[in-house]
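What follows is a short report on a single structure.
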Amino acid sequence: MPRVLLLLPTTTYRTHDFMEAAQRLGVELTVASEEASTLARLNPSGLMRLDFDDPPQAARQVIQFAQEYPIAAVVPVDDQVTICAATICQALGLRHNSVESVTAARNKHRMRERLGHDGVPQPRYKLCSLDDDSVHIADQVEYPCVVKPLTLSGSRGVIRANTDVEFVRAVERLDHILRSEFRQSHSSAAARGRPAHSLPETARQFLVEDFVAGPEVALEGLLTRGTLRVLALFDKPDPLDGPFFEETIYVTPSRLPVSVQDDIARCASHACRAMGLSEGPVHAELRINAGGPWIIEINPRSIGGLCSRVLRFGTGLSLEELIIRHALDGDYAPPTRENQPAGVMMIPTPRAGVLIEVRGLDEAQTVVGIEQLTISAHLGQELIPLPEGALYLGFLFARAATSGAVELALRASHARLDFLIQPTEPATAHVGSGHRS
């Protein structure tokens, strides 16, 4: 039975889905995380700790481990472990994206450089530093624009500015976010015994991009020896016009004309070639307007959160099963997605505070078309909305006869949910999450 090494950061939503997929496939599984497990001694072949921030050292550990427990495939989960996975695969001689291509995908400036060098349609951009005079930069950029950190994911720190005053404020806010992120990562590294470092230059840099108007879509794909197969194309019916870019509803199949969908697939394939990506899952974000599709981001990983649960293939295979099978067999041809329209809502965080109570759960689940409701935030948890935070309150899943009906079901169910959130200030706020704020 082949063994799969699953790289699971502790912050991921997807532990259960990947573990369940491995169990259904009957593969031997070794789970690696950045935190040591108290059960590792009882299950030395199934659990291990790797420092994902030190890929060469992680690769050396895995090579030693594989001498006793041979590894047939390495599957990364989420952005922060893709470089580590590529490094390990290279050391083991397994099929993989090059370390250089994955490293470029983790840095938005390097990504822009690679895409631009190959002529992939993308917004104009400028690399800036928090050490520069933001007032001076504000006089040089065109509006509206988007301020964007180089490495954060989940739209954290991404802020639209329509004027020079908004730009300066956005940069100040991003400065605070990056400093906070560095303090947290520094504290985590110190807890693992790693030496202290000062804030690196790349953590002080950010992009200023043209705001690309038009609807946004998400493409889920799978690369085999450089050839992209589109697994699903999601419409995002809520306008993502800023000032922050919190995603909510994903619906598939797309309602865009087939010709436009074909253009999107070609653009994503072009982007993969430009980045040098060749193997495994791909998640791309694109904007569509009169100029055609524009690449906003492209990453060598699958869709985040619990969103993959809306996808079923063939006779009911999950996306996680497809990813593991493909990692084990480079010639594996995944079945097509089931025909029934489906969608997910990432329930947005309406404001900062402490979650006290969730009301309307039963009513929300009675909406026709709603298949599942998962509240991932827990009572007593401090909620931090974008652009500082990155967590969702939960996920709503729906299936219906048409993509339009899926969207309506998600909106109707969401409107029945009510979240009691106590702000950090003295007053208590009763916030209905069905109303965007």
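Every number in this text was worked out from the coordinates using simple rules, so none of it is lab data. Bear in mind that the values here come from a model prediction, so they are computed numbers and not experimental data. As a convention, Cβ positions derive from the backbone with ideal geometry for all residues, glycine included, and neighbour counts pool all protein chains shown.
For the stretch 3-104, report the translational diffusion coefficient in µm²/s to the nearest whole number, using Stokes-Einstein at 10 °C, 1.306 mPa s, and a Kirkwood Rh over Cα pairs. All intermediate terms of the calculation are to be shown ahead of the outcome.
Working: Rh = 13.6 Å.
Translational D for this selection: 117 µm²/s.
Collect residues whose amide H, placed 1.01 Å from N in the peptide plane, falls under 5 Å from the amide H of LEU47; neighbours closer than 5 in sequence don't count.
Those lying under 5 Å, H to H, from LEU47 are VAL31.
How would GLU20, GLU181 line up from fewest to most surrounding beta-carbon atoms within 10 angstrom? List each step's numbers first, then the result.
Working: GLU20 13, GLU181 18.
So the ranking, lowest neighbour count to highest, is GLU20, GLU181.
Name the residue, out of VAL135, VAL31, VAL310, whose mean-square fluctuation peaks in a Gaussian network model built on the chain with Cα pairs under 10 Å.
Looking only at VAL135, VAL31, VAL310, the largest GNM fluctuation is found for VAL135.
Looking at the stretch 25-127, which trypsin sites (Lys or Arg not before Pro) are DSSP coil and have at most 11 other C-beta atoms within 10 Å of their C-beta? Display every interim value, and only then the final one.
Details: sites: ARG41, ARG49, ARG60, ARG95, ARG106, LYS108, ARG110, ARG112, ARG114, ARG124, LYS126; in loops: ARG41, ARG95, ARG106, ARG124.
Sparse-neighbourhood loop trypsin sites (Lys or Arg not before Pro): ARG41.
Any idea what the dipole of the stretch 3-104 comes to, in debye rounded to 20, about its Cα centre with Lys/Arg Cβ at +1 and Asp/Glu Cβ at -1?
Numbers: 7 positive and 12 negative charges, 72 e Å.
Using Cβ point charges on Lys, Arg, Asp and Glu, the stretch 3-104 gives about 340 debye.
For the chain, what does -39500 (n - 2.57) per DSSP helix run (n ≥ 4), summed and divided by total residues, give at 222 nm, in deg cm²/dmol to the nearest 500? Intermediate results must be reported in sequence, preceding the final value.
Details: 12 runs with 136 residues, N = 437.
Mean residue ellipticity at 222 nm (helix-derived): -9500 deg cm²/dmol.
Please list, ordered by chain and number, the residues whose modelled amide H lies under 5 Å from the amide H of LEU383; skip anything fewer than 5 residues away on the same chain.
Here GLY353, VAL354, LEU355 satisfy the definition.
If you rank HIS283, HIS414 by fewest surrounding Cβ atoms within 10 Å, what's the result?
Details: HIS283 19, HIS414 24.
Ranking HIS283, HIS414 by Cβ neighbours within 10 Å, fewest first, gives HIS283, HIS414.
Report, ordered by chain and residue number, the lysines lying within cross-link reach of LYS126, taken as a straight Cα distance under 19 Å and ignoring same-chain residues fewer than 8 apart.
Leaving aside lysines fewer than 8 places away in the same chain, those within reach of LYS126 are LYS108, LYS148.
Between GLU371 and residues 5 or more places away or on another chain, which pairs have amide H atoms under 5 Å apart, with H built 1.01 Å from N, and which residues are they?
PHE397, ALA398, ARG399
Would you work out which of ALA91, ALA401, PRO300 lies farthest towards the positive end of the dipole of the chain? Charges go on Cβ: Lys and Arg +1, Asp and Glu -1.
Of the candidates, ALA91 comes out farthest on the positive side.
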